[in-house]
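Asks: Dumping the structure here so I can ask a few things about it.
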Amino acid sequence: TPERVGPQRPETLLTLLQAAADTDGGMLLEDRARLGLIYRDRSSLYTQEPALTLTYAVPGLAPPLEPVDDTTATRNDRSVTRDGGSSARAVLEEGALSVQPPPLGIGLYDDAVTLSLNDDTQTEPIAYWSLHLGTYDGARYPSVRVLLHKAPALIPAVLALREGDLIRIK
């Protein structure tokens, strides 16, 4: 279920809506069909079926398809504070992406966020979930080029994509 937010301070509506999206880990987006905003909650991003499947050897997917090995999204020490409340910290102390110095780990990559949480008990699970997301050891593809003129059958599926949809490349 989406995370419950706590009491809100006087702010603009857009700032309050973004704070709620940040608290849940979802996405506040512009509606493509009409004037307005839509919210894609965190749970809709998990265990989803691919909205688009591309095959590397079939026309349409343009080479090169090269993963990058960087630390852009890596965070192995996460602190979460409830606005006006307590905080929790999650640290990965062992493993390839741990806070240990190389070669045992990658060193310290930390961050801290303050969220508009409803209850102090929410900070610890969110800190550990953020740690999990920040220490995923998998390939990252910053861009994928699709040549729709070489694969016109993909056009309807590409046009139907929404932010956060899963694209599988096989």
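Asks: Would you mention how many residues in segment 96-154 are over 24 Å from Leu17 (Cα atoms), over 16 Å from the mean Cα position of the chain (by Cα) and part of a helix (DSSP H, G or I)?
Replies: Total meeting the criteria: 3.
Asks: Among residues belonging to segment 17-35 that are free of Cβ contacts under 8 Å to residues at least 24 places away in the same chain, assigned to a helix (DSSP H, G or I) and open to solvent by 50 Å² or more (accessible area, probe 1.4 Å), point out the one that is farthest from Ile126 (Cα to Cα).
Replies: The residue in question is Leu17.
Asks: Any chance you could count how many residues in segment 82-117 are hydrophobic (A, V, I, L, M, F, W, C) and within 22 Å of Thr15 (Cβ to Cβ)?
Replies: So the answer is 4.
Asks: Determine the pairs where a residue that is under 19 Å from Asp70 (Cβ atoms), located within segment 100-128, has a partner that is of a type outside the set (A, V, I, L, M, F, W, C) and part of a strand (DSSP E or B) with Cβ atoms under 8 Å apart, the partner being 6 or more residues away or on another chain.
Replies: Leu108/Asp77; Tyr109/Asp77; Asp110/Asp77; Asp110/Arg78; Asp110/Ser79; Asp111/Asp77; Asp111/Arg78; Asp111/Ser79
Asks: When segment 66-90 is examined, which residues are found to be modelled with pLDDT of 90 or more and under 16 Å from Gly107 (Cα atoms)?
Replies: Thr74, Arg75, Asn76, Asp77, Arg78, Ala90
Asks: List the number of the failed condition for Arg9; all other conditions in (1) exposed (fewer than 12 other Cβ atoms within 10 Å of the Cβ); (2) farther than 14 Å from Leu117 by Cβ hold.
Replies: (2)
Asks: Which of the residues spanning segment 75-85 are open to solvent by 40 Å² or more (accessible area, probe 1.4 Å) and either of a type in the set (Val, Ile, Thr) or over 10 Å from His132 (Cα atoms) (or both)?
Replies: Those that are open to solvent by 40 Å² or more (accessible area, probe 1.4 Å) and either of a type in the set (Val, Ile, Thr) or over 10 Å from His132 (Cα atoms) (or both): Thr81, Arg82, Asp83, Gly84.
Asks: Restricting to segment 148-170, and then to whatever is loosely packed, with under 12 Cβ neighbours inside 10 Å and of a type in the set (A, V, I, L, M, F, W, C), can you tell me which residue is farthest from Asp110 (Cα to Cα)?
Replies: The extreme case among them is Ala153.
Asks: Tell me the residue from Ala62, Ala33 that is at pLDDT below 95, over 19 Å from Ile167 (Cβ atoms) and over 17 Å from the mean Cα position of the chain (by Cα), please.
Replies: On inspection, the qualifying residue turns out to be Ala33.
Asks: While we're on this one: Search segment 36-51 for residues being open to solvent by 90 Å² or more (accessible area, probe 1.4 Å) and either farther than 23 Å from Thr15 by Cβ or not in a strand (DSSP E or B) (or both), and hand back the single one that is modelled with the lowest pLDDT.
Replies: Ranking the qualifying residues of segment 36-51, first place goes to Thr47.
Asks: Which residue pairs have Cβ atoms under 7 Å apart, sit 6 or more places apart or on different chains, and have a first residue in segment 154-170 that is of a type in the set (A, V, I, L, M) and a second that is open to solvent by 80 Å² or more (accessible area, probe 1.4 Å)?
Replies: So the pair list comes out as Ile169/Tyr56.
Asks: Let me confirm something: among Val113, Val144, which residue is out of contact with any Asp or Glu (no Cβ under 7 Å at 6 or more places or on another chain), of a type in the set (Val, Ile, Thr), open to solvent by 40 Å² or more (accessible area, probe 1.4 Å) and closer than 21 Å to Gln48 by Cβ? Full working, then the answer.
Replies: Working: Val113 fails: closer than 21 Å to Gln48 by Cβ.
After applying the criteria, what remains is Val144.
The values are calculated or read from the model by the stated rules, or taken from the named source; none is laboratory data. Just so it is clear, the structure is predicted and the values come from calculations on it, not from any experiment. Please note: Cβ atoms are built from the backbone with ideal geometry, for glycine as well, and neighbour counts cover all protein chains shown. Remember, those area values only see protein heavy atoms, side chains included, never the ligands or the DNA or RNA. Shrake-Rupley method; radii C 1.70, N 1.55, O 1.52, S 1.80 Å.
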